[in-house]
Each structure stands twice: as structure tokens, then as C-alpha cells.
1. So for the pair residue 172, residue 130, with labels modelled 7 Å out along Cα→Cβ, what separation do we get in nm?
2. Using a 1.4 Å probe on the protein chains only, how many percent of the accessible area of the stretch 107-165 belongs to carbon and sulfur?
3. Residue farthest toward the positive end of the dipole of the stretch 87-158, with Cβ of Lys/Arg at +1 and Asp/Glu at -1: which of 145, 97, 108?
4. Please list 3J(HN,Hα) in residue order for the stretch 122-131, calculated via the Karplus relation 6.51 cos²θ - 1.76 cosθ + 1.60 where θ = phi - 60°; whole Hz, with x for glycine and proline.
5. How do the peptides 117-126, 87-96 rank, highest first, by the average count of neighbouring beta carbon atoms within 10 Å per residue?
6. Can you work out the accessible area per residue across the stretch 43-184, with the rest of the protein chains kept in place, probe 1.4 Å, in square angstrom?
7. Could you tell me the largest-minus-smallest coordinate of the C-alpha atoms of the stretch 53-184 on each of the three principal axes, in descending order and whole angstroms?
8. Using 1/(1 + (r/R0)^6) with R0 = 45 angstrom and r between the beta carbons of residue 158 and residue 63, what's the FRET efficiency to the nearest 0.05?
Amino acid sequence: MNPTVFNAGVVAVALVLGGCQYLPDYALLQDEENEAEVDVVCGGEPSFVEGACLLPDWVAFGLASQRGDHHWRRDKLQELEGRQGIDVSERELVRAVALAWGTERQWAQASELYRAHIDQAPADLQPLLRYWLNELEGRRAMASQTERSRSQLSALQQEKAELADKLEALTTIEQNINLRQQSP
């Protein structure tokens, strides 16, 4: 048997049995090379420009909208109106994200904007926008259900008050009848 072939076989068996720690870590080297290439700083206004910042910028804007108050929302919507050279669908979807955490009336506007313009968004962004639309529709449904429950509760409280008045009237009538029966 050739000693070189034997040594190569032993090395192969040792690698298989010993694990991958003896192999060069090509995956880590490739990740380091990719990290060097991707020194993009995200955090700008959300846009349809496809690239490394597409999703991070939209997510950051969505979180800011969720945390923002009506002043933040008003300011962002005014800034949006001042932006030039922006696609109509892009503008309307940014408005939808800003309005989605506003008042219930703004929720309805946001839902309409999402539905009308979501298909014009880049394909990579559409799943996030659909998720946000579904979440918004869930909040709208819960708000609607809460309003129906409040309305039902109000109707039941009114009915209870009417029944209490009737019961009191019947009790008074019963007391009068009992007093007439007792007196000769």
C-alpha cells in the first residue's frame, strides 16, 4: 500500500470523525467580505428604492409611527407633501403607514391607501405592507366589535332601568291591593 494514499485516507477519516473544526472556515471569510461590501447606513425616509435599506427604512418608519403622537403624524404628513419627485404610490403608502397608528378615522384612510397602492410597491416590500394592512384590519375589527359591545351594553342598561321602573310600579300596585284586602 502506498503511504501517501494511506496518509490521505487517515486525514480524511480524521476530518470526518473529528468534525469540521479542522477545515478552513470559508463561510466566515465570505461573511467578512460581504460585510466589508455592505457598509450602507440606513435610516432615511422610506422609499421604493430597492437595496439594502428598503426594509430597514420602512420598518423604522413604521415603528416611529407606532410610537409617534398626533403632532409627529401631522409633521410627517406635512414633510411628505413637501417631498418632490416621489412616486404617487410611494407617497400614499408612506401616508398609510403614518396614519395607521392615528385615530380610528385615520385607520380607515390608511386601510384604503394600503389597498389601493400595495401592488405598486417593490415585491420585497409587499409582504411587510400586507402584514401591516392585516394588523390594521384586525385593530379595526376589534374596535368595531368593542363599539358594538358598548352599544349592546347601553341598550341592556336602558332595558334594565325600564324593567326596574316597571317592577317598582308593580310592587306599588301589589302593596295597594294588599292594603285594600286588609281593610274591611
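1. So the label points at residue 172 and residue 130 sit 6.5 nm apart.
2. Details: 2040 of 3990 Å².
The nonpolar share, carbon plus sulfur, comes to 51 percent.
3. Farthest towards the positive end: 145.
4. Karplus-based 3J(HN,Hα) across the stretch 122-131 equals x, 4, 5, 8, 4, x, 5, 5, 5, 4 Hz.
5. Details: 117-126: 15.2, 87-96: 19.2.
So the peptides 117-126, 87-96, ranked by packing, come out 87-96, 117-126.
6. Values: 9490 Å² over 142 residues.
Value for the stretch 43-184: 67 Å² per residue.
7. 97, 28, 21
8. Working: r = 43 Å, r/R0 = 0.96.
Working from the Cβ atoms, E equals 0.55.
The values are calculated or read from the model by the stated rules, or taken from the named source; none is laboratory data. Because the structure is a prediction, the values reported are computed rather than measured. Note that we place each Cβ from the backbone using ideal geometry, even for glycine, and neighbour counts take in every protein chain shown. Note: accessible area is taken over every heavy atom of the protein model, side chains too, but ligands, DNA and RNA are not part of it. Shrake-Rupley method; radii C 1.70, N 1.55, O 1.52, S 1.80 Å.
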